[in-house]
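Everything on this sheet refers to the single structure shown next.
The values are calculated or read from the model by the stated rules, or taken from the named source; none is laboratory data. Just so we're clear, the structure is a prediction, and the values are computed from it rather than from any experiment. Because the Cβ atoms are built from the backbone with ideal geometry, glycine has one as well, and the counts that use them run over all protein chains shown.
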Amino acid sequence: MKRILLVDDHPMIRTALEVLLRDTGFEIVGMAGTGEAALREVERLKPDILLLDLQMPAGSGMDVLRRLRANRSPSRIVLLTAAIEDAALLEAKSLNVEGIVLKNADPAFLLDCLERVAHGRTWIDPELAEHARDLAQELAGGGRPQLAPRERQLISFVRKGLRNREIAEQLGVKEGTVKAYLHTIFEKLGVSSRTELATRADEFLTQDFAKGGG
């Protein structure tokens, strides 16, 4: 019996998944509705598989995936989502996520995914897998320099609308350090303003993950 931690902020989805997995080889040992709660429950329960919603309050599924990979958590991770942006799709693949399942897919897809993941394999929705391959082929040939992890993080903060002081607080650095990082990013990407960087953030991040940044 494989132990699953189910993380989704919609009670109806949690109930439906609990019913779907009843009398299977999977046991839901815990549930959470936010990214922060997910991290606490992973540490407490140490599940075999984390079934993780992508869009949640207090930390998205991607935030949880990044943190668990950085902490080398042994839990295998399956993303469950209604939709996924190109940059997030390529980043999830670069982080070696074990599974991605669309919420509007046939429930049999989720069961197939969990079975494969439980046996050490991976399963990504066929349409998403094909789209990721197309993106990689389309973007990998670009001549733009690859971004460092901290640079990608800053771009994500700018995309969210955070100011330099807020970014500095998030990173635990001085505001002047943030300004220096942003100047380097502007030069590297050939952008002239913070607004342009925020507007084109998805383009820059998607291309970087297609080139293997991670």
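Among the residues in the range 47-67, are any over 12 Å from the mean Cα position of the chain (by Cα), among the acidic types (Asp, Glu) and surrounded by fewer than 14 Cβ atoms within 10 Å (Cβ to Cβ)?
Within the range 47-67 (the criterion being over 12 Å from the mean Cα position of the chain (by Cα), among the acidic types (Asp, Glu) and surrounded by fewer than 14 Cβ atoms within 10 Å (Cβ to Cβ)), the answer is no, since none of the residues qualifies.
For Met12, state whether it is surrounded by 17 or more Cβ atoms within 10 Å (Cβ to Cβ) and in the same structural domain as Pro107 (by TED's automatic domain parsing).
The answer is no for Met12.
So which residues in the range 1-27 are of a type outside the set (D, E, K, R) and more than 22 Å from the chain's Cα centre (by Cα), if there are any at all?
Once the filter is applied, which keeps residues that are of a type outside the set (D, E, K, R) and more than 22 Å from the chain's Cα centre (by Cα), the range 1-27 yields Met1, Met12, Thr15, Ala16, Val19, Leu20, Leu21, Thr24, Gly25, Phe26.
Of these, Glu91, Glu85, which one is among the charged types (D, E, K, R), modelled with pLDDT under 90 and surrounded by fewer than 16 Cβ atoms within 10 Å (Cβ to Cβ)? Walk me through how you get there before you give the answer.
Details: Glu91 fails: surrounded by fewer than 16 Cβ atoms within 10 Å (Cβ to Cβ).
Among Glu91, Glu85, only Glu85 is among the charged types (D, E, K, R), modelled with pLDDT under 90 and surrounded by fewer than 16 Cβ atoms within 10 Å (Cβ to Cβ).
For Ala82, are the conditions met, namely being more than 30 Å from Asp134 (Cβ to Cβ), free of Cβ contacts under 8 Å to residues at least 40 places away in the same chain, outside the structural domain of Thr206 (by TED's automatic domain parsing) and out of contact with any Leu (no Cβ under 6 Å at 6 or more places or on another chain)?
No, not satisfied.
Val97 is checked against (1) at pLDDT 90 or above; (2) hydrophobic (A, V, I, L, M, F, W, C); (3) not in a loop (DSSP other than H, G, I, E, B) and fails just one. What number does that condition carry?
The failed condition is (3).
Only one of Leu20, Leu68, Leu6 is farther than 27 Å from Pro149 by Cβ, of a type outside the set (Asp, Glu), assigned by TED's automatic domain parsing to the domain that holds Thr122 and assigned to a helix (DSSP H, G or I). Can you tell me which?
Going through Leu20, Leu68, Leu6 in turn, just one is farther than 27 Å from Pro149 by Cβ, of a type outside the set (Asp, Glu), assigned by TED's automatic domain parsing to the domain that holds Thr122 and assigned to a helix (DSSP H, G or I): Leu20.
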